[in-house]
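Trainee: Before anything else, here's the structure in question.
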Amino acid sequence: MRLRNIRGSREAVAANEFVVHEPELYKGKWNSLFGNDHPIHVEIGMGKGQFLMQLASANPEINYIGIEKYSSVLLRALEKRATTELTNLYFIRFDAEYLNDIFAQEEIDRIYLNFSDPWPKDRHAKRRLTSREFLGRYDQCLKKSGEVMFKTDNRMLFDFSLEEAKIAGWELKEVTYDLHHSEYAQGNVMTEYEERFSAMGNPIHRLVAYRK
Ligand code: SAM
């Protein structure tokens, strides 16, 4: 994601009613934020939020939380969110490295990772959102029946993710190197990056990881 420091973005995010400002306070009680006990689905690295807004609108019986590290990016999602009437979608400006500070054990039903930053240098592998370190964090806060759904057009990152999932003891299903021309294409909701990269002709890879 190209990062421009948008003046005032931090203040605008801090003042927004759809941003959870002290997410640590909700650890173990996210359902109280939504006022129901619906399943919780989280997108980490949500960018401008198109994917989550479409899902939240189509699935009112699911609670969605988007996590984004940078205010300047989150601001774009907030601008779009202001044009909707959604009650099942909140955002957090947060580094997912500390995910376990804000979610308790078995609190999340599904985690989406879409077009995550590839961190191509080996020494940065731990920062990849599908690394064994991150899978360990997901293992702590995902329900036993929970799953991680990952999409990317980056073949190296995808192959790395398949390996890491196996090393970390996760099972894999619905693995495809060309999502848009696969049996899983129907119902696929595109992200901003997905639209851009598939328009360039890049095949989209997708996996679902879960535990036995
Ligand atoms: N998911 C969106 C899409 O598919 O269009 C955006 C993809 S963009 C390449 C990756 C996003 O993940 C960026 O907005 C980046 O700031 C965010 N990100 C990267 N590492 C993160 C982390 N550790 N915690 C939260 N967000 C992160």
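Trainee: Which one, 83, 124, 55, projects farthest toward the positive side of the charge dipole computed for the chain from Cβ point charges (K/R +1, D/E -1)?
Mentor: The listed residue farthest towards the positive side: 124.
Trainee: Follow-up question, since we're still on this one. Gain in length, residue 17 to residue 29, computed as 0.36 nm per residue apart minus the alpha-carbon separation, to one decimal in nm? Don't skip to the answer; put the middle values down first.
Mentor: Numbers: separation 12, 0.36 × 12 = 4.32 nm, distance 1.83 nm.
Gain on stretching residue 17 to residue 29: 2.5 nm.
Trainee: Suppose each label sits 7 Å from its Cα in the direction of the beta carbon; what would the residue 200-residue 159 distance come out to in nanometres?
Mentor: My value for the distance between the label points is 1.9 nm.
Trainee: Using a Gaussian network model on the chain with a 10 Å cutoff between Cα atoms, which of 111, 167, 44 fluctuates the most?
Mentor: Comparing 111, 167, 44 in the GNM, the peak value goes to 167.
Trainee: Using the Kirkwood formula over every pair of different C-alpha atoms, what hydrodynamic radius in Å results for the stretch 19-125? Mind showing how you got there, number by number?
Mentor: Details: mean 1/r = 0.0702 Å⁻¹.
It is 14.3 Å.
Trainee: Kindly state, to the nearest 0.05, the FRET efficiency for residue 125 paired with residue 95, given R0 = 30 Å and r defined as their beta-carbon distance. Let's see the in-between values first.
Mentor: Values: r = 17 Å, r/R0 = 0.56.
Approximately 0.95, to the nearest 0.05.
Trainee: Additional query: Enter the Cα centre distance for the pair the stretch 107-147 and the stretch 89-106, rounded to the nearest angstrom.
Mentor: Measuring centre to centre over Cα atoms gives 12 Å.
Trainee: What pairs from 121/151; 121/173; 80/126; 126/212; 121/166 go past 26 Å between their alpha carbons?
Mentor: Cα-Cα > 26 Å for 121/173; 80/126; rest within.
Trainee: Let me ask something additional. How many nm separate the modelled label positions at residue 212 and residue 59, each set 7 Å beyond the Cα in the direction of the Cβ?
Mentor: 2.7
Trainee: Taking the Cα centre of the chain as origin, work out the dipole magnitude from +1 charges on Lys and Arg Cβ and -1 charges on Asp and Glu Cβ, in debye rounded to 20. Working shown, then result.
Mentor: Numbers: 30 positive and 32 negative charges, 120 e Å.
It comes to approximately 580 debye.
Trainee: Grab the DSSP H runs of the chain that are 4 residues or longer, score each as -39,500 (n - 2.57), total them, divide by all residues and round the 222 nm result to the nearest 500 deg cm²/dmol.
Mentor: Working: 7 runs with 62 residues, N = 212.
Value at 222 nm, helices only, nearest 500: -8000 deg cm²/dmol.
Trainee: What figure in square angstrom, to the nearest 10, would you give for the accessible area of residue 176 with a 1.4 Å probe?
Mentor: For residue 176, the solvent-accessible surface is approximately 20 Å².
Trainee: Between 186, 50, 105, where does the largest GNM mean-square fluctuation fall for the chain, given springs only between Cα atoms within less than 10 Å?
Mentor: Between 186, 50, 105, it is 186 that shows the largest mean-square fluctuation.
Trainee: Write down the percent of antiparallel bridges among all DSSP beta bridges whose residues are both part of the chain, to the nearest 5.
Mentor: Numbers: 10 of 31 bridges.
Roughly 30 percent of the DSSP beta bridges within the chain come out antiparallel.
Trainee: Give me the lysines in straight-line cross-link reach of residue 29: C-alpha distance below 25 Å, same-chain residues under 8 apart excluded.
Mentor: Once the sequence-local lysines are set aside, what remains near residue 29 is 69, 143, 144.
Trainee: Please give, to one decimal in nm, the separation of the simple spin-label points placed at residue 38 and residue 144, each 7 Å out from Cα toward the Cβ.
Mentor: Modelled inter-label distance: 2.6 nm.
Trainee: Also, quick follow-up: Is the C-alpha gyration tensor of the stretch 1-58 telling us rounded, prolate or oblate? Criteria: a/c under 1.5 is rounded; beyond that, a/b larger than b/c is prolate, otherwise oblate.
Mentor: Taking the square roots of the gyration eigenvalues as a ≥ b ≥ c, the stretch 1-58 is oblate.
Trainee: Relative contact order for the chain: what is it in percent, counting Cα pairs under 8 Å that are at least 6 residues apart? Kindly include the intermediate steps, with their values, before the conclusion.
Mentor: Working: 370 pairs, mean separation 42.6, N = 212.
Relative contact order here is 20 percent.
Trainee: Mind listing the phi-derived Karplus ³J(HN,Hα) values for the stretch 32-48, rounded to whole Hz, using 6.51, -1.76 and 1.60 with θ = phi - 60°, and x for any glycine or proline?
Mentor: Listing the rounded values in order: 5, 5, 8, x, 7, 10, 5, x, 10, 10, 10, 9, 9, x, 7, x, 8 Hz.
Trainee: Kindly provide the pair-distance distribution of the chain built from C-alpha pairs, with 5 Å bins from 0 and whole-percent values in order of increasing distance.
Mentor: Calculated over all Cα pairs of the chain, the distribution is 1, 7, 15, 20, 21, 18, 12, 5, 1, 0 percent.
Trainee: I'd like the Karplus ³J(HN,Hα) series for the stretch 108-115: coefficients 6.51, -1.76, 1.60, θ = phi - 60°, whole numbers in Hz, and an x wherever there's a Gly or Pro.
Mentor: Result, rounded to whole Hz: 10, 8, 8, 10, 9, 10, 10, 6.
The values are calculated or read from the model by the stated rules, or taken from the named source; none is laboratory data. Because the structure is a prediction, the values reported are computed rather than measured. Backbone-built Cβ (ideal geometry, glycine too); neighbour counts: all protein chains shown. Note: areas computed on protein heavy atoms with side chains; ligands, DNA, RNA excluded. Shrake-Rupley method; radii C 1.70, N 1.55, O 1.52, S 1.80 Å.
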